[in-house]
Amino acid sequence: KTKQLTLEAFFK
Amino acid sequence: MFKAVISEAKEFKKIIDAASNLLDEICFEVSEDGIKARAMDPSHVALVSMDIPKEAFEEYEADVHDIGIDLEAFKKIMNRAKAKDKLILELDEEKNKLNVIFKGTARRKFALALYDVSSSNLQVPDIEYPNEILIKAGAFVDALKDADLVNDHVALKVDDGKFIIYAKGDLNESETIFEEDSEDIISMNIGENARSTFNLEYLKDMTKAASSDDILKICIGTDMPVKIEYDIGGANLTFLLAPRIES
């Protein structure tokens, strides 16, 4: 099973 | 003021198509240098960034404005462009409309309502990628079509100097392997093996505006967003798509 990440996780 | 003349309406239509696949509305930030827009899709999975420098226009004159547009309405209007039409975009500040004018054998004008879409001040995050691949759009889109037969998500991989598009369904699998010397590959700048999984529908939407001979720049890492970049009609389009990860 995979889950979709959002882009916020990569905005730092 | 804002007025821009584009020699081929059809080229601009591609740009609007690319954005409207992912976004409902957009804010064009116009300035004397050209037009910029950055936005995330409603689920914050994908980011679209477009830069149309003033050099891409036949004529261009603007000062600073934010022009908020409903993309579905704009797309429908752009669908009415004919093959040899010029496109004139003109801001009517009094009536608060964007005039969209097709100039061919006749002059056809639409006045498009402006929306209060504030500019997002969103930047494309400066992510460092281990791998950068330049590939013909047609070849990549074909690989996505293969993957689409077996699942709704796909892995983009770099393995042993090869670029691999891999999908695995409950029963079936598909795999396309590009080696560095493939005619479809312009260049591969490989730093390390990598693998990230993505929603296929988004990838298809992001590459829909590219013609098969256009060159895509694809940046990938492991469990990182993919960055896909290409140029159409003098405009730069950049897309970022968040990965799916094992849960």
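Each value in this text was obtained by applying a stated rule to the coordinates, not by laboratory testing. These numbers come from a predicted model, not from an experiment. Note that we place each Cβ from the backbone using ideal geometry, even for glycine, and neighbour counts take in every protein chain shown.
Only DSSP H runs of four or more residues enter the estimate; each adds -39500 (n - 2.57), and after division by the residues of the protein assembly as shown the mean residue ellipticity at 222 nm equals -4500 deg cm²/dmol. In order along region B:218-225, phi translates into HN-Hα couplings of 10, 10, 9, x, 9, 6, 10, x Hz, rounded to whole numbers, per the Karplus curve 6.51 cos²θ - 1.76 cosθ + 1.60 with θ = phi - 60° and x for Gly and Pro. Residues B:Arg244, B:Arg80, arranged from fewest to most other Cβ atoms within 10 angstrom of their Cβ, appear as B:Arg80, B:Arg244. Rounded to the nearest Hz, the phi-derived 3J(HN,Hα) couplings of region B:108-115 under the Karplus curve 6.51 cos²θ - 1.76 cosθ + 1.60 (θ = phi - 60°) are 10, 10, 10, 10, 9, 5, 8, 10, where x marks glycine and proline.
Charging the Cβ of each Asp and Glu at -1 and of each Lys and Arg at +1, and nothing else, the dipole of chain B about its Cα centre rounds to 1240 debye.
Taking a threshold of 20 Å on the Cα-Cα distance, which of the pairs B:Lys3/B:Lys54; B:Lys145/B:Lys208; B:Lys54/B:Lys109; B:Lys14/B:Lys86 fall above it? As for pairs spanning more than 20 Å Cα to Cα, those are B:Lys54/B:Lys109. Taking 16 Å as the straight-line reach from the Cα of B:Lys157, the lysines in range (excluding those fewer than 8 positions away in the same chain) are B:Lys168, B:Lys217, B:Lys227.
Against chain B, whose longest principal axis comes from its Cα atoms, helix B:137-148 is set at around 60 degrees. Given R0 = 30 Å, the distance between the Cβ atoms of B:Glu61 and B:Glu201 translates into a calculated FRET efficiency of 0.15.
When each of B:His153, B:His44 is scored by the number of other beta-carbon atoms lying within 10 Å, the sequence from fewest to most is B:His44, B:His153. Taking label positions 7 Å along the Cα-Cβ direction at both B:Arg80 and B:Lys145, the computed distance is 3.2 nm, reported to one decimal. Once C-alpha pairs closer than 8 Å and six or more residues apart are averaged by separation and normalised to the residue number of chain B, the relative contact order reads 21 percent. Net charge in the neighbourhood of B:Lys36 (other residues with Cβ under 10 Å of its Cβ; Lys, Arg +1, Asp, Glu -1) is -2. Arranged from fewest to most other beta-carbon atoms within 10 Å of their beta carbon, B:Ile77, B:Ile228, B:Ile52 become B:Ile77, B:Ile228, B:Ile52.
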